[in-house]
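The values are calculated or read from the model by the stated rules, or taken from the named source; none is laboratory data. Small disclaimer: the values here were computed from a predicted structure and weren't measured. Glycine also receives a Cβ, built like all others from the backbone with ideal geometry; neighbour counts cover every protein chain displayed. Keep in mind that these areas ignore ligands, DNA and RNA; they rest on the heavy atoms of the full protein, side chains included. Shrake-Rupley method; radii C 1.70, N 1.55, O 1.52, S 1.80 Å.
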Amino acid sequence: MSHLIAPSMLAADFGNLQRDVEMVNQSEADWFHIDVMDGVFVPNISYGMPVIKSMKKHANKTMDVHLMIVDPDRFIKDFKAVGADILTVHYEACTHLHRTVQAIKAEGMKAGVALNPHTPIAVLEDIIRELDLVLIMSVNPGFGGQSFIENTYKKIIQLKDLIEKSNSKAIIEIDGGVNDQNCPKLVTAGADVLVAGSFVFKSEDPKKTISGLKNCF
Ligand code: DX5
Ligand code: ZN
């Protein structure tokens, strides 16, 4: 499969959310990446269910929801109800990760697990076969517009190896600081999905920028 592009709506203009959702609809992007932050797991608050529900009304692509919240089990059903197709939780925020992953799947969503930059790939060894997606954070979660952490390439290669060895179907998503410079290197290393926020929405022609990322390799 050629790599997928998931624009991060965190960088959209919230005063013109419908316009920005429609821009993504019309672009070569594959998914909507939706960042939920609780001010506890990460030092920032973004948006929650009502905003996601509003985006879903206009969105015609996969809703990829990235939860940066503690104890996500409390809200799994609510995210399903507002339109999440993929629900990703943080390894660092889940005491009973296996149970959380099963609960996500039981709601009919794809289950993802995200790893902070300091968390080694090896912690996924006993869960990788259960996962549809692994999200490698290439910045510290909480804010858009940060610079890409170079150690990410090594982690992609390690994760790819673990996925193959374990016969897992998980795909690899990279989130944070993605741009046209690191895009080809990320895809070469084995990334399947690239999230891009600022690089897309702060550009002069976001649709063209998405197309550039989609065809960077
Ligand atoms: C960061 C979020 C990212 C963020 C990416 O905590 O998970 O999805 O929006 O933004 P950029 O592409 O600007 O680094
Ligand atoms: Zn994200």
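Is it the case, given these coordinates, that Ser166 is open to solvent by less than 30 Å² (accessible area, probe 1.4 Å) and not acidic (Asp, Glu)?
Yes.
Asp126 fails exactly one of the following numbered conditions: (1) within 13 Å of ligand 2 (Cβ to nearest atom); (2) part of a loop (DSSP other than H, G, I, E, B). What is the number of that condition?
(1)
Given the residues Val134, Val195, which is the only one that is near ligand 1 (Cβ under 8 Å from one of its atoms) and open to solvent by less than 10 Å² (accessible area, probe 1.4 Å)?
Val195
Would you be able to tell me the number of residues in segment 104-131 that are within 16 Å of ligand 1 (Cβ to nearest atom) and farther than 18 Å from Leu4 by Cα?
Residues of segment 104-131 within 16 Å of ligand 1 (Cβ to nearest atom): 112-119.
From what is left, the residues that are farther than 18 Å from Leu4 by Cα are 115-119.
Going through segment 104-131 one residue at a time, the tally reaches 5.
Can you list residue pairs whose Cβ atoms sit under 7 Å apart, with the first residue in segment 6-29 being over 16 Å from Asn179 (Cα atoms) and the second being of a type in the set (Val, Ile, Thr)? Count only pairs 6 or more apart in sequence or on different chains.
Close Cβ pairs satisfying both conditions: Ser27/Ile210.
Note down all Cβ pairs under 6 Å where the first residue falls in segment 170-182 and is among the acidic types (Asp, Glu), the second is in a strand (DSSP E or B) and away from ligand 1 (no atom under 11 Å from the Cβ), and they're at least six residues apart or on different chains.
If the second residue must be in a strand (DSSP E or B) and away from ligand 1 (no atom under 11 Å from the Cβ), the pairs left are Glu173/Leu133; Glu173/Val193.
What is the residue count in segment 169-188 for residues that are touching a helix residue (DSSP H, G or I) at 6+ places or on another chain (Cβ under 6 Å), open to solvent by less than 20 Å² (accessible area, probe 1.4 Å) and of a type outside the set (Val, Ile, Thr)?
Looking only at that region, the number is 2.
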